[in-house]
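Here the structure is laid out as structure tokens; the discussion comes afterwards.
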Amino acid sequence: MLRVVSWNINGIRSPQQGVVHEEANCTTIDMGRILDKLDADIVCLQETKVTRDVLTEPLAIIEGYNSYFSFSRNRSGYSGVATFCKDSATPVAAEEGLSGLFATQNGDVGCYGNMDEFTQEELRALDSEGRALLTQHKIRTWDGKEKTLTLINVYCPHATPGKPERLAFKMQFYRLLQIRAEALLAAGSHVIILGDLNTAHRPIDHWDASNLEYFEEDPGRKWMDGLLSNLSCQAGSHVGPFIDSFRCFQPKQEGAFTCWSTVTGARHLNYGSRIDYVLGDRTLVIDTFQTSFLLPEMVGSDHCPVGAVLSVSSVPAKQCPPLCTRFLPEFAGTQLKILHFLVRLKQDPVFKQSALPLSNQTQVQMRQNKARVRSARPRPSQAGSTRGQKQLMSYFQSSSSRLQASSNLEHPSLGTLVAAKTPEDKVMAKVVEGQAKASEVKNEKEVPTSFWKSVLGGPLPMPLCKGHREPCVMRTVKKPGPNLGRQFYMCARPQGPPTDPSSRCNFFLWSRPS
């Protein structure tokens, strides 16, 4: 069996909830525990948000795995994908990008198809954000035949509202992905496209699809309609080159989402969408796929892992492709360090012997100098008689002495007012006097506290939402526009369907400027 898993990890260097170790240096343990928890032969990660200059060895080199990274060349801490393969599933080839512009002609996957509709600048821009990584494997089917399987790990662009150029960029990326996948199929390789496609295909894959305007007319959904086969058995239904493996096994399962908003806490009420997929070519899915699954219990990101199990065995390559991170100079031990340019100086034995008496003579001279300094210092009695430098503490008066003086002047001791005739009266008088002193000290502390409270005021109480009569939460507008940076109040409950009374109500109130 071959188990493949895909997960948008939302930052490979960020602490992972549920897999954090209590030790101080736990980066290696965390990455290893993530892979162990996913328990897959091939793990594809998206949105790693790491560039080569900040990639550390504990994140890249994991015992029992060989890893491959594609980095964003435009921005740091942005995009990026990575593939971790067990040594038993070592690929025979690996390549970064879809266009072939970053290919090194050594250990590449090849089969690029006709890309004449793109310019060289467009191809370079599409591959410069580190959104695609290909690994090619040898597999053995149940009847003993060896075949080629190519995995395309992708993190497709998001079409930011109000930015039509990003929608055009997303559709170009989709088109380039389809050209490359179909070229690999034409060359005789099986193909799996897995990762974050950033599009919910059907209304069943989006919680609020009925309230979205022109849901079916979205360009990304239309592209997926052409790429995927219609699983219905109706005559004349579209037959695309790929199959959505999850809907193949779970065609009517509702609430099967893979992405939720962390800002609104939508995961608590499962108010999300399914935008992460494992797409396989028709023959591969029909003949070898055993199951396709989601892992919503795996936390640590705004996405959950998705995966599939194939009834094939992997035939590992004898050595890793050149793109493997263990061959990078910084991890292979071939990168020169500054210590290599420094030579340890060997001390001459003759100089060592001549330096010994010199050091003894120097020590004796230093002791004599210290003795002269001690004899020249004034003694405490002499220093007190002369006019010396005042200490900083001499300008301050002890707060306890001021408290004692003020208490003696303003509040006479209650002990003098109580006539203690019997031992019981004496004990009671001491108790009363101790309580009085404690209250005096408490009052002295409360005076400055109340003063600063009157000056600073403190935060105003949160308004109550009208739906639940509960304290609201304050948010800040981050969308560019006239209200950018302005604060407002809204219901603090997690986002959910409007029909759920436990979800967030529609309360909204602008915050008044202070």
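The values are calculated or read from the model by the stated rules, or taken from the named source; none is laboratory data. Source: prediction; values computed, not measured. FYI the Cβ positions are ideal-geometry reconstructions off the backbone, even for glycines, and counts take in every protein chain you see. With ligands, DNA and RNA removed, areas are computed over all heavy atoms of the protein, side chains included. Shrake-Rupley method; radii C 1.70, N 1.55, O 1.52, S 1.80 Å.
Numerical summary
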read-out	value
Residue in the stretch 438-453 that is surrounded by 10 or more Cβ atoms within 10 Å (Cβ to Cβ) and modelled with pLDDT of 75 or more present	no
Verdict on residue 182 being open to solvent by 20 Å² or more (accessible area, probe 1.4 Å), within 24 Å of residue 127 (Cα to Cα), touching a Gly at 6+ places or on another chain (Cβ under 7 Å) and not β-branched (Val, Ile, Thr)	yes
Search result, residues across the stretch 82-102 that are over 16 Å from residue 154 (Cβ atoms) and β-branched (Val, Ile, Thr)	90, 92
Selection within the stretch 261-295 - part of a loop (DSSP other than H, G, I, E, B), modelled with pLDDT under 95 and out of contact with any Phe, Trp or Tyr (no Cβ under 7 Å at 6 or more places or on another chain)	261, 262, 263, 264, 265
Hits in the stretch 128-165 - residues which are touching a residue at least 24 places away in the same chain (Cβ under 8 Å) and of a type in the set (Asp, Glu)	129, 146
Failed item, numbered, when residue 334 is tested on (1) under 25 Å from residue 63 (Cβ atoms); (2) more than 32 Å from the chain's Cα centre (by Cα); (3) modelled with pLDDT under 80; (4) of a type outside the set (A, V, I, L, M)	(2)
Scan of the stretch 32-49 for residues that are farther than 25 Å from residue 312 by Cβ and either of a type in the set (A, V, I, L, M) or open to solvent by 10 Å² or more (accessible area, probe 1.4 Å) (or both), ordered by number	32, 33, 47, 49
Any hit, the stretch 209-229, residues being open to solvent by 20 Å² or more (accessible area, probe 1.4 Å), in contact (Cβ under 8 Å) with a residue 12 or more places away in the chain and in contact with a strand residue (DSSP E or B) (Cβ under 8 Å, 6 or more places away or on another chain)	no
Total residues in the stretch 264-298, condition open to solvent by less than 20 Å² (accessible area, probe 1.4 Å), within 25 Å of the chain's Cα centre (by Cα) and among the hydrophobic types (A, V, I, L, M, F, W, C)	4
From 356, 342, residue being over 30 Å from residue 136 (Cα atoms), modelled with pLDDT of 70 or more and of a type outside the set (Gly, Ala, Ser)	342
Qualifying residue in the stretch 166-177 (condition: of a type outside the set (Asp, Glu) and on the phi > 0 side of the Ramachandran plot)	no
Residue check, residue 168 without any contact (Cβ under 8 Å) to a residue 40 or more places away in the chain and open to solvent by 10 Å² or more (accessible area, probe 1.4 Å)	yes
Residues of the stretch 50-97 that turn out to be more than 20 Å from the chain's Cα centre (by Cα), open to solvent by 10 Å² or more (accessible area, probe 1.4 Å) and small (Gly, Ala, Ser), as a count	2
Scope the stretch 124-136; condition outside any loop (DSSP other than H, G, I, E, B) and open to solvent by 10 Å² or more (accessible area, probe 1.4 Å); matching residues	124, 125, 136
Subset of the stretch 304-329 (residues that are open to solvent by 30 Å² or more (accessible area, probe 1.4 Å), part of a helix (DSSP H, G or I) and either touching a residue at least 12 places away in the same chain (Cβ under 8 Å) or not hydrophobic (A, V, I, L, M, F, W, C) (or both))	326, 329
Which listed residue is open to solvent by less than 20 Å² (accessible area, probe 1.4 Å), assigned to a loop (DSSP other than H, G, I, E, B) and at pLDDT below 95, from 301, 232	301
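Residues are listed down the side, and each one gets a yes or a no for (1) part of a loop (DSSP other than H, G, I, E, B); (2) loosely packed, with under 10 Cβ neighbours inside 10 Å; (3) in contact with a Leu (Cβ under 9 Å, 6 or more places away or on another chain):
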position	(1), (2), (3)
459	yes, yes, no
475	no, no, no
483	yes, no, no
489	no, no, yes
494	yes, no, yes
497	yes, no, yes
500	yes, no, yes
506	yes, no, no
513	yes, yes, no
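Conditions (1) open to solvent by less than 70 Å² (accessible area, probe 1.4 Å); (2) farther than 18 Å from residue 183 by Cβ; (3) part of a loop (DSSP other than H, G, I, E, B), marked per residue:
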{"residue": "99", "(1), (2), (3)": "yes, no, yes"}
{"residue": "105", "(1), (2), (3)": "no, no, yes"}
{"residue": "112", "(1), (2), (3)": "yes, no, yes"}
{"residue": "116", "(1), (2), (3)": "no, no, yes"}
{"residue": "138", "(1), (2), (3)": "no, yes, no"}
{"residue": "142", "(1), (2), (3)": "no, yes, yes"}
{"residue": "151", "(1), (2), (3)": "yes, no, no"}
{"residue": "154", "(1), (2), (3)": "yes, no, no"}
{"residue": "159", "(1), (2), (3)": "yes, yes, yes"}
